[in-house]
1. Could you look at region 21-69 and say what percent of its accessible area is carbon and sulfur, using a 1.4 Å probe and all protein chains?
2. Using label points projected 7 Å from each Cα along Cα→Cβ, tell me how many nm separate L39 and Q112, to one decimal.
3. For region 87-136, what percent of Cα pairs sit more than 16 Å apart?
4. Whole number please: convex hull volume per residue of the Cα set in region 21-69, in Å³?
5. For A26 and E93, calculate 0.36 nm times their separation in residues minus their Cα-Cα distance, and state this gained length in nm to one decimal.
Amino acid sequence: MIYSAGMSESREVTPVSKEEIDKLAAAWLSTLQPTLVGLQHKIVQLIDKQSAIADDLEKQNSLVSHVTDNVSLQGLSEQLSTLDERLFKIMKEMTAINARAKILTRDAMELQQIRRREALLRESKKERELQREQGLIAKPASLTSLITKDN
């Protein structure tokens, strides 16, 4: 027999039987059992999810290590800097070529204007020559103009 202290002020010890203790424990367990079963189920689910996440992480780690083994990041970095330098040089050359092209275009336009002026001057000179030559060519005099001159 087990004795327990009662709630009375006298603090008398009342005997409690093993059956009563078993009944109280069973009642207490029956009230807590649905909660405990639910918690146990949730814990099992969490463990399963944790295992799945751990497996995924292992797969990702192996994939990353495989990729880093196959591709040297240092080599890519060096190649990138080399390509960047080439691109910079090409852009610099393109800028210089563009500037030269603008100068050549301007010079070509000026040359074209000069040639047009020279062609106009040649044409006008040719016309003046023709007019001068026509002025020098003797014109046949008419009979009436000869008679009036003789008198």
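The values are calculated or read from the model by the stated rules, or taken from the named source; none is laboratory data. Please read all numbers here as calculations on a predicted model, not as lab measurements. Methodologically, a virtual Cβ is constructed for each residue, glycine included, from the backbone with ideal geometry; neighbour enumeration extends over all protein chains shown. In case anyone asks, the SASA skips ligands and DNA or RNA and just uses the protein heavy atoms, side chains included. Shrake-Rupley method; radii C 1.70, N 1.55, O 1.52, S 1.80 Å.
1. Working: 2910 of 4420 Å².
C and S fraction of accessible area: 66 percent.
2. Distance between the two pseudo-spin positions: 9.3 nm.
3. Values: 779 of 1225 pairs.
For region 87-136, the fraction of Cα-Cα distances above 16 Å is 64 percent.
4. Numbers: hull volume 2.7 nm³, N = 49.
Cα-based convex hull of region 21-69, divided per residue, equals 55 Å³.
5. Numbers: separation 67, 0.36 × 67 = 24.12 nm, distance 9.13 nm.
Result: 15.0 nm gained on full extension.
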